[in-house]
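Working notes, beginning with the structure itself.
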Amino acid sequence: MAKREIIYVPILKAKAGERWALSHLAPGTKSMIRPVLELHPHKEKLLGDHIESVCEALQAAWGVDRAFYVDTVWLHGDSGSPAIIAEVFEATQESGLQSIPVVRPHYDDSSLEQMQDIIVEGERGYMLRITPDVLDTPALIGGIVDAIGISRSEIDLLLDYRNHPMTLADDVIRVPNLSSWRLLIAASGVFPKSLLSLPLHQWHVLKRHDWLSWQTGVESHLKRNPLYADYTMRPPGRPVEFGDPSVNLRYALDDHWLVQMGGKHKEGAAVEIHAMAAELIARPEYMGADFSTGDEEIERVSDEEEGPGGPTQWLQWCVNHHIEFAVQQISHGGV
């Protein structure tokens, strides 16, 4: 298959559900995305053992022939850590993974020095991930570029609005050296941090303001159109530590998600997923089992004879559908 242009950058937690979602994408979809994978500490494993197991899982889920971004910030905090950064990227190198480091604007000098060594040795460039307020201090951006010491033509700039809609018409023009970056990417993740306030056992419409605001920006005739990035249907930040997650489905459509919440998993409510899935596949918006592996699994679980799965499975089906849908939406001219 001919090499396809990267058009979508999903920001994912490098956890089991997201890895399954990546591994079950159509080959053509995989060739059109470059995910940002955020690493998170493990409650029980030592860091080295945890990173080694994540790398092994990524070998199986994503392979060693496609590049992806690796963001370590949740392992060490905003200022970085040379030791942790070195340990992570040594593990990805030993695993044969095509990891592209993510640099944050407030990494300290020693972390930037460590990143420089990794980036020069890896020869894949890096991602500079900033929030819009950093555009107010272009000297900070220039200082990082100078510290790493490679051309902007080897740097992908991610403008990350996190849980806010994008304001691209105001901000793209403020990006220093706008035309010089290898890629310009804009991200937003407006999915709510909690759905507990939603009434149970009914469908709710949640607007995809991340997508809608990107679309509005591109339609405003920017001097450079950024690639689209989002957090699929998870909110930005650390994984939420649910004491007792609820049964739920989150289904991406053109400008909104369909969301339904059920009872608590640990209270035996997992079986509610059967009726929830049956309701979804009966709706006119349902894309069909052939649309994605996630859709196929949702349709499968609508049969009460099938096992209901659990929180990881419900999330992985919906993330898989979301990525496939976003790629189709962008590639079919959803601007």
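Laid out as a table, the results:
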quantity	calculated
³J(HN,Hα), Karplus 6.51/-1.76/1.60, whole Hz, each residue of segment 226-232, x for Gly, Pro	x, 5, 8, 9, 8, 9, 6
In sequence order, calculated HN-Hα J values of segment 205-212 (Karplus, 6.51, -1.76, 1.60; Hz; x Gly/Pro)	9, 10, 5, 8, 5, 5, 5, 4
G189 long-range amide H proximity, modeled H, under 5 Å	R162, N163, H164
Stretch gain in nm, segment A278-R124, where the contour uses 0.36 nm per residue and the Cα spacing is subtracted	50.9 nm
DSSP-assigned coil residues among GluC sites (Glu not before Pro) in segment 92-188, each with at most 15 further Cβ atoms within 10 Å	E123
Between 0 and 90°, nearest 10: helix 82-94 axis offset from the chain longest Cα axis	70
Options (1) 24.6, 76; (2) 19.9, 61; (3) 21.2, 61 - which one matches Rg and Dmax of the Cα atoms in Å as calculated here	(2)
Ascending count of other beta-carbon atoms within 10 Å, so fewest first, for H274, H221	H221, H274
Residue-by-residue Karplus 3J(HN,Hα) for segment 113-122, coefficients 6.51, -1.76, 1.60, Hz, glycine and proline x	5, 5, 4, 4, 4, 5, 5, 5, 5, x
The chain: relative contact order in percent, alpha carbon pairs under 8 Å with at least 6 residues between	16
DSSP beta bridges in the chain [antiparallel fraction, %, rounded to 5]	25
Where trypsin sites (Lys or Arg not before Pro) in DSSP loops with at most 16 other Cβ within 10 Å are excluded, longest remaining stretch of the chain	225-335
Added length on full extension, which subtracts the Cα-Cα distance from 0.36 nm per residue, H221 to I6	75.3 nm
Nonlocal amide H pairs with G263, under 5 Å, H built at 1.01 Å	V247
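Since every read-out is calculated from the coordinates, none of them should be taken as a lab result. Everything quoted here is computed from the prediction, not taken from an experiment. A quick note on method: Cβ atoms are made from the backbone with ideal geometry, for glycine too, and the neighbour counts reach across all protein chains shown.
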